[in-house]
Amino acid sequence: MKTIEDYWDKKFKEKGHIWGNEPSKSALITESFLSARGFKKGKILDIACGYGRDSKYFTDNGFDTTGIDISAEGIAMAKKQYPDVKFMIGDILHLPFQTSSFDYVFGNFILHLLLKDLRFKLIKETSRLIKPGGILVFSVASIEDVDFGKGETKDTNCFVNARGVMKYYYSKEAIYNEFKDFEIMAIHDIEEIHDHDGIHKHKSYLLFVRKRNGRND
C-alpha cells in the first residue's frame, strides 16, 4: 500500500517545484499580519513545508525558522536550494520538539487533508509546541471552493476531488468548533490559482489562533 511519504516523494520527483519558488499567499499574509501587530520575529515551525519556499521567506524576514516534512525528496530539494534554512524529515503528527519550543506554527494547505480525528490530533500537537501567547496559523479549504461537494464522499464535508486529493472543506462554524479552545484572532479569505495537475482555483481560509489565557497545554 502506498504511503503518504511515497505519494509526495513521487510528486516532487515528477513535478519538481510544484508551486513555484515564490512564497505562498498564506506566508505573505502571515508575515504582514504579525509585523503589523508588533509580534517579534521569533521561532516559527513550518509544518509540511515541502521544498521550503515559505520557510525561506520567513527566514529572509527575520524569523528563526525550522521546516519539517514527511517527504525525504521534498526536504532534499529544500536543503539543496536553501542551505541557510533548517530543515528536517519528520511526521507532523508526532513532532520531535519539546513543549513550548516555538512562538509560531505555520501550516499551509495541510490541516484540511486529514480526517477529523487526525485534524484534532494535529491541532493538539502543534498547540503543545507553542509558547504561552504563541500563535497557530493554518490555511484550510473553504466550502466556497469549486471542488466542494464533488467527488467521492469520505465524511461530512470531506471529499476526494478529481485530482485524487482528499480534503475537508471548512465553514466558519466548523472553524469555531474545531478551535473552540483558542482565541481566534483573524480569519482571512484567500483565493489562489494553481497550475499543477491542470489549472485549478482554491478558495481557502487563513486562520490565526492562540490558546486562551496564554495556555498551551
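Quick notes on this structure:
- Cross-linked pairs LYS56/LYS201; LYS56/LYS116; LYS25/LYS211; LYS41/LYS124; LYS124/LYS203; LYS180/LYS211: Cα-Cα separations exceed 20 Å for LYS56/LYS201; LYS56/LYS116; LYS25/LYS211; LYS41/LYS124; LYS124/LYS203.
- Modelled this way, with points 7 Å down the Cα-to-C-beta line, the labels at LEU93 and ARG37 are 3.0 nm from one another.
- Cα gyration tensor category, rounded, prolate or oblate, for the range 76-191 with a/c compared to 1.5: oblate
- Using the empirical formula 2.2 N^0.38 Å as the baseline, the Cα radius of gyration of the range 20-137 reaches a ratio of 0.98.
- Here LYS15 is the anchor, and the aspartates and glutamates within straight C-alpha reach of less than 16 Å, apart from those fewer than 8 places off in the same chain, are GLU5, ASP6, GLU73, ASP195, ASP197.
- Dipole orientation for the chain: of the candidates SER142, HIS112, LEU122, LEU122 has the Cα lying most toward the positive pole (charges on Cβ; Lys, Arg +1; Asp, Glu -1).
- Residue exposure proxy: PHE39, PHE208, PHE58, PHE33, ordered by other Cβ atoms within 10 angstrom of their Cβ from fewest to most, comes out as PHE39, PHE33, PHE208, PHE58.
- Ascending count of other beta-carbon atoms within 10 Å, so fewest first, for ARG128, ARG37, ARG53: ARG37, ARG128, ARG53
- Each of GLN81 and LYS201 was given a label point 7 Å from its Cα along the Cα-to-Cβ line. The distance between the two points is 2.6 nm.
- If the segment from GLU14 to ASP181 were pulled out straight at 0.36 nm per residue, it would be longer than the present Cα-Cα gap by 56.1 nm.
- Treating r as the C-beta distance of ASP6 and VAL146 and R0 as 22 Å, the FRET efficiency rounds to 0.20.
- Note on the chain: Rg/Rh from Cα positions, Kirkwood definition for Rh, rounded to two decimals, is 0.93.
The numbers here are math on the coordinates, done by the rules we state, and not lab data. Source: prediction; values computed, not measured. Cβ: placed from backbone, ideal geometry, glycine included. Neighbour counts: every protein chain shown.
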